[in-house]
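Chemist: Got a structure here, written out as structure tokens. Questions coming.
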Amino acid sequence: MSALAYIRRESLDIYNRIQSIGADIAFVNQVRAAYPALPLIPNLRCGAWYTDPSIADPGTHAYFKSTDGHHGNWSFNLRRPNLHLLPVAAAHGGIILVDSTRAGKRLPDALSKTVPIWCAVVNRAMRLRRGELDAASDSKEAPTAWLWDGDLRTPPGIVGAHEHAQIAAQLDGWAASLADSSYALPTLDRPLRPLWVTPASSRFPHIAPDAAFLPVICVSASCAIDAVDGRSSEGVGLVGLGRRAGGFSYVQGSGDDHELWGQGLTPAVFWQNRAELLACPRAQLETLVAQLVAEMPRDTVPSHGGADGGGPPGAWRSTPVPVTKVGGRVLLCSLADLPRDLQAILPGPSGTPEEAAFVIVDDSESDVPPDDTDARCPAPTSSNGADAPSDAAPGDPPSSRVLRVRLPPGKRGQHVFLHEVLPSVTSFASTHLSPGRAICVAGGDAGVGVALVLLQLFFDDAGKPCRAQGDAAPSKNSVRTRLEWVIASRPQTNPSRAILKRVNDFLLSPRSHRGEAEAGATI
């Protein structure tokens, strides 16, 4: 076997990966112990393998992508603004972000460049917003009151001076775009500042109680292993390929790309069975993983999350997320969140019960086993992919308040979505929004696309219900704004370009192309 083939086999070995993750978790826990007051937040997806849910900030995740920090591709992406982290940082005096990277680097680009860009852009955008408020109110505060730190700070020795200067030159433009967007920026009493910790750090950064900044501590969980000869650059006693005394080959950034090595294992299942997995002998590990994966709840369930989760028929796995800008009249959830029996009442934004109708969009390409067909897709589907809004499924709310659609895979599904599903959904929503009901949209990317169409056609730019045709004339900017509304309420939202293109095609096309779908688009 060649050296290259041996290295590849070792790097994809699931035993090596799980043991390496276990070793890295110990380091992350050390960092957490050094800053006990700061919430621990995984940067998805890799960071979730290293972040113990029992000590992490409940339900909070970061979405910083390394591609936004790749050389020449630097960006502050308004589709991934991560603004939901600001109230958390303000409340606790900072945050800890956890991520990792594969061999050859000490820090992933997400932590070395994307997060520093985010800190500087948010600081500058807040300064722009504050300056506008002061000018509008004729504030008598000193003009320097909000000239706070907006500098770009990158890790020395990792980001070169030339690259640093190239990124810094673009900060003002990104900050202006954020300040001009519809996103709300919560008030911070101090600017954000990134700091970095790796297993090579001789000591952790000291943060004084009266520090003039909110620390964003970027933790790279894995020891850096030389990409060529496998030697550690961090003095942790690794030899050759990173073989450790425990009888495994250490793999840097083991949590990355788990589809390649995990055999179906996910971070959630790993943490639920961590002790058993780490203690399992190499020879038995694949059998154990197969067993755990087989017992996993099926997340591709189009309508019965509660049934698979073993809960009561009306139990939600996770409650729908209301779009705050429109007062919760449109809500979103995943297919797996839905209970077996949909109820016609949902909790409203103030906690009071609210009547609801449901649009369930199954855009998954996985096939449902024949014996599960009746249970998982009980509604008969017409040839155009849209269910007739009649009493189609057992447990559906009364008065035909459920529209179920299933998209075929590939380009055919995109065609059906544009020409058949969106017109049907628009007509259905008009019927139910008019009497004051909320619309809950369940699905993946296509579900987000449906929500954007509803937000554009039925709500004006202030988020108020449209009362007359033309109140909210569609444009690319208005559709982008409505996507910002969704992301502000549901930060993990990241629809594909293909779905966004179909949404724009539908909304911006001549009215004759949309047929009569828009005719009832008033509330």
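Chemist: Show me the helices (runs of 4 or more DSSP H) entirely contained within the range 396-511 in which 1 or more residues are more than 20 Å from the chain's Cα centre (by Cα) and free of Cβ contacts under 8 Å to residues at least 24 places away in the same chain.
Modeler: Of the helices (runs of 4 or more DSSP H) lying wholly inside the range 396-511, those with at least 1 residues that are more than 20 Å from the chain's Cα centre (by Cα) and free of Cβ contacts under 8 Å to residues at least 24 places away in the same chain span 410-416, 476-489, 497-508.
Chemist: Please name all residue pairs, on different chains or six or more residues apart, with Cβ atoms under 6 Å, provided the first residue is in the range 265-281 and is under 19 Å from Ile55 (Cβ atoms) and the second residue is open to solvent by 70 Å² or more (accessible area, probe 1.4 Å) and not polar (S, T, N, Q).
Modeler: Note: pairs meeting the criteria are Trp271/Pro53.
Chemist: Could I ask something else about it? Does the range 184-206 hold any residues that are within 30 Å of the chain's Cα centre (by Cα), within 30 Å of Gly104 (Cβ to Cβ) and in a loop (DSSP other than H, G, I, E, B), and which are they?
Modeler: Thr198, Pro199, Ala200, Ser201, Phe204, Pro205
Chemist: Check Asn73 against each of (1) of a type in the set (S, T, N, Q); (2) assigned to a helix (DSSP H, G or I); (3) surrounded by fewer than 23 Cβ atoms within 10 Å (Cβ to Cβ) and name the one condition it does not meet.
Modeler: Asn73 satisfies all of (1) of a type in the set (S, T, N, Q); (2) assigned to a helix (DSSP H, G or I); (3) surrounded by fewer than 23 Cβ atoms within 10 Å (Cβ to Cβ) except (2).
Chemist: Looking at Ala142, Ala169, Ala165 in this structure, which one is farther than 28 Å from Ser489 by Cα, surrounded by fewer than 18 Cβ atoms within 10 Å (Cβ to Cβ) and at pLDDT below 90?
Modeler: When all the criteria are applied, what remains is Ala142.
Chemist: Look through Leu433, Leu455, Leu407, Leu403 and report the one residue that is modelled with pLDDT of 95 or more and buried (at least 16 other Cβ atoms within 10 Å of the Cβ).
Modeler: On inspection, the qualifying residue turns out to be Leu455.
Chemist: Might you let me know whether the range 52-64 holds any residue that is surrounded by fewer than 22 Cβ atoms within 10 Å (Cβ to Cβ) and part of a helix (DSSP H, G or I)?
Modeler: The answer is no; no qualifying residue exists.
Chemist: Restrict the check to the range 78-90 and report whether at least one residue is touching a residue at least 60 places away in the same chain (Cβ under 8 Å) and within 15 Å of Val159 (Cα to Cα).
Modeler: No, the conditions are met nowhere in the range 78-90.
Chemist: Does Arg130 satisfy the condition of being open to solvent by 30 Å² or more (accessible area, probe 1.4 Å), modelled with pLDDT of 95 or more and part of a helix (DSSP H, G or I)?
Modeler: Spelling it out, it is not the case that Arg130 is open to solvent by 30 Å² or more (accessible area, probe 1.4 Å), modelled with pLDDT of 95 or more and part of a helix (DSSP H, G or I).
Chemist: Being touching a residue at least 12 places away in the same chain (Cβ under 8 Å) and part of a helix (DSSP H, G or I) is the filter here, so list the residues in the range 91-105 that pass it.
Modeler: The one that is touching a residue at least 12 places away in the same chain (Cβ under 8 Å) and part of a helix (DSSP H, G or I): His92.
Chemist: Does the range 23-41 hold any residues that are outside any loop (DSSP other than H, G, I, E, B), open to solvent by 10 Å² or more (accessible area, probe 1.4 Å) and not small (Gly, Ala, Ser), and which are they?
Modeler: Those that are outside any loop (DSSP other than H, G, I, E, B), open to solvent by 10 Å² or more (accessible area, probe 1.4 Å) and not small (Gly, Ala, Ser): Phe27, Asn29, Gln30, Arg32.
The values are calculated or read from the model by the stated rules, or taken from the named source; none is laboratory data. No experiment lies behind these values; they were computed from the predicted model shown. Ideal geometry is used to build each Cβ from the backbone, glycine not excepted, and the neighbour counts take in all protein chains shown. Just so you know, the surface numbers come from the protein's heavy atoms only, side chains and all, with ligands and any DNA or RNA stripped out. Shrake-Rupley method; radii C 1.70, N 1.55, O 1.52, S 1.80 Å.
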